[in-house]
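Laboratory data are not the source of any read-out in this text; all were calculated from the coordinates shown. Just so you know, these numbers come straight off a predicted model, no measurement behind them. Cβ placement follows ideal geometry from the backbone for every residue including glycine, while neighbour counts extend to all protein chains displayed.
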Amino acid sequence: MSPSTTMPVINITSIRTSSNGAWQGDNPLEHALPLLIVQTTLILVVSRLLAFLLKPLRQPKVIAEIAGGILLGPSAIGRNKEYFNWIFPKWSTPILESVASVGLLFFLFLVGLELDLSSIRRSGKRAFGIAVAGISLPFVCGVAVAFVLRKTIEGEDQVGYTPFLVFIGVALSITAFPVLSRILAELKLLTTQIGETAMAAAAFNDVTAWILLALAVALAGNGADGEHKSPLISIWVLISGGAFVTIMLTVIRPAMKWIACRCSSKTNMVDEAYICFTLTGVLVSGFITDLIGIHSIFGAFVFGLTIPKGGVLAERLMERIEDFVSGLLLPLYFASSGLKTNVATIRNGRSWGLLVLVLTTAFAGKIIGTFVVAMMFMIPARESLTLGVLMNTKGLVELIVLDIGKEKGVLNDESFAILVLMALFTTFITTPTVMAIYKPARGDSSTSISQRKLRDLTTTKDTKDELRILACAHGSGNVPPLVSLIESIRSTKKSQLKLYIMHLVELTERSSSIIMVQRFRKNGLPFINQSRSSEWNDRVTRAFQAKSQLGRISVRAMTSISNLTNMHEDICQVGENKKVTLIILPFHKQLRGEGDQIMDNCGHGWRGVNQRVLKNAPCSVAVLVDRGFGNGSQISEANTNITQRVCIMFFGGPDDREALELGGRMADHPAVEVTIVRFVQKEGQEKNHVVLQLSPSELYSSSTEQSYSFSTAIMNPEKEKDLDETAITEFKSKWEGTIEYTENVVSNIVEGVLAIGRSGHYDLIFVGKGRFPSTMVAELAYRQAEHAELGPIGDILASSGHGVVSSVLVIQQHDFAHTKEAPVSKVGQTELEKSANESWGVGEITKYAV
């Protein structure tokens, strides 16, 4: 590299915060703030891109952030000296690391806030034994490896024996509690027996690691000079650190408990002064431990332990801190570690051999130590092996140890690079290894031969059979329409109704999300909160008490916290385990007012959840499109005035018959008026046979969201017509004098459907999804779908801009014969030349000639 291309030497004392601008001849990259902005932006973009690429592998975000730093550093892009000297000059390193350390300080406060010391006391002998084995054997192995590294790596023999041995031992024996909790949550193992054991052992391991880290820092001193330092200094540091912890737990902890009690859980508000006091406490605690001679993060972590867990104060602190710290500042710290990692220092067979030795020792020490002790506690071999792999998770604390070791001069560039790569690999391999060797015992609904639909309850001879419904909600806004719907369905006679309400919460990287998982999950599945009533459970129960007085409804509230990509597994699993007959899902949009203004759009991810539930559910499914249903007058068994008007649009087919069954339960309620509108084709049109063609999206395996999907099952049209006639006849006979029945002869189906939706005569409209469509519904396959998962009629009523004012319930009957669907887009009409007895269906779909 020529001298003209290198960054000029800059006196750091002359560095100004901001530049005068390019127009005045200033280079922004020679000033602290503009350069920090460029560095931060570059780090965030690269780490987020890597996180996106690693997401299919279910890797924790820390992997992408460390890898991003390595990619930007001297190992890869940083090999271009011109780039590295301009973007990451040496004078900017203290500034970048200072900002990153502030983020680390508050993140370690959050880790302490997340870690419940009482869980360690409750963990019992098993978790304690596993934790001790998971620390002691790797530590001993690490000390043995340290002797090899010290004699092999050039320059390490200048470092004192004791600090080097302790740093290597700590680095190999650590389990990263924050990273482990996110891996367990991602795999839905967080509160399985194995997950609870791993978390309790990791919590003990984490506390022990901080004690060992404090010891290592106290012994390290100034690195190479550490062995010449008076031992009394290290002893005073340790005594002062012990006194600090004692004061924090005996004096500050009761004070923080008093502050937490002052924060009202009823108003859900926290005084700003308490928040400010707590944040200041984090900084002061960090300063004190730095003054003692222990790293400032130790003080922040201990201060986090003093905050009472589960209260309003802890929740508000997390809300205020974690997004800014975890999303912006913490990636800078991980990236700075990557920037200091130069893989090029591992340049020969000897260095790569040392890396293999460190990796082998790290794996063997953790896995063998944990496995043997777990087996002694009678844990099955596969679970014991899984525990060993989980306890080998590295990450945050590992990097902190290595960074401090490099800062103190205990680790040089080569040993630092070897240990960083070891931390990366061990964490990277954890998730795929656990997925390969351990699958928790979960019922497999796909192998179940049962199929449940409303018709089964109507035709059964056992009148004591109860209707079981699983109603899902994204938030409190979904509760009023669900309450009104369930109250309308509730029979006033013999049959009982058991309702499970599931609060759907998206699992994110946030600490509060992980804590919610620990609080609300049981055995890898959503669970009914029996130990203490949550705020969500209280709100749901109060809503039903206000509107239905609970009557013959048994209400159980639960919470599912999961990634949106696999949340449907929780819903379907609960549906199978609880033997529910109907799952009710909220539409991903809440529509209100004229013109269907979108009051709340949960996003495409939640729409995907609904689509996957519709495809995989073990029972019938209904999607509720809410336009204010339930916000009007209340209904009750004693109320004989009509307060809700329900319309059932009937075109024919299994889904429409299921809608008719649900409507029959509403017809039994004295405060609900049910109207059946049967759509009939004009005379002569019923002789036309509709031939559906596969849409191009199916042919070329692209998106099918703009085309309706119909069942590919072969069914007899005449038999279907007979079933439709029988269902209508029985319904009219059973509810004669109670319901209103009309036949609507239309030539334009879309206008006929919209006329009912716009009329405002009905609070709620029932429609079948139409997976096996009648000829009238099949004719709508040419339309470009906005919400294809609702079927043609449901999509017409749910789409915005049509002026529909009624809420809509789209129902899909569960039947194994209809599970396979194909998207269609074209409609052709031919004379019905086939005999009436010949079977037909969407199985006749003809493909384009390719």
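Couple of notes before you dig in:
- Violating pairs (Cα-Cα greater than 19 angstrom) within the set LYS61/LYS408; LYS340/LYS408; LYS61/LYS394; LYS61/LYS188: LYS61/LYS408
- The share of alpha-carbon pairs in the stretch 3-437 lying farther apart than 40 Å comes to 17%.
- Highest-first arrangement of 291-303, 418-430, where packing means the average Cβ count within 10 Å: 291-303, 418-430
- R0 of 35 Å, Cβ-Cβ distance GLU743-GLU466: FRET efficiency to nearest 0.05: 0.50
- Residue-span extension gain [MET375 to SER118] - 0.36 nm each, minus C-alpha spacing: 90.0 nm
- Using the Cβ-Cβ distance between THR360 and ARG48 with R0 set to 25 Å, the FRET efficiency from 1/(1 + (r/R0)^6) comes to roughly 0.15.
- A crude spin-label estimate for the pair LYS151 and ASN563, with each label 7 Å from Cα along the Cβ direction, gives 4.6 nm.
- Least to most buried among TYR83, TYR333 (fewest other Cβ within 10 Å first): TYR83, TYR333
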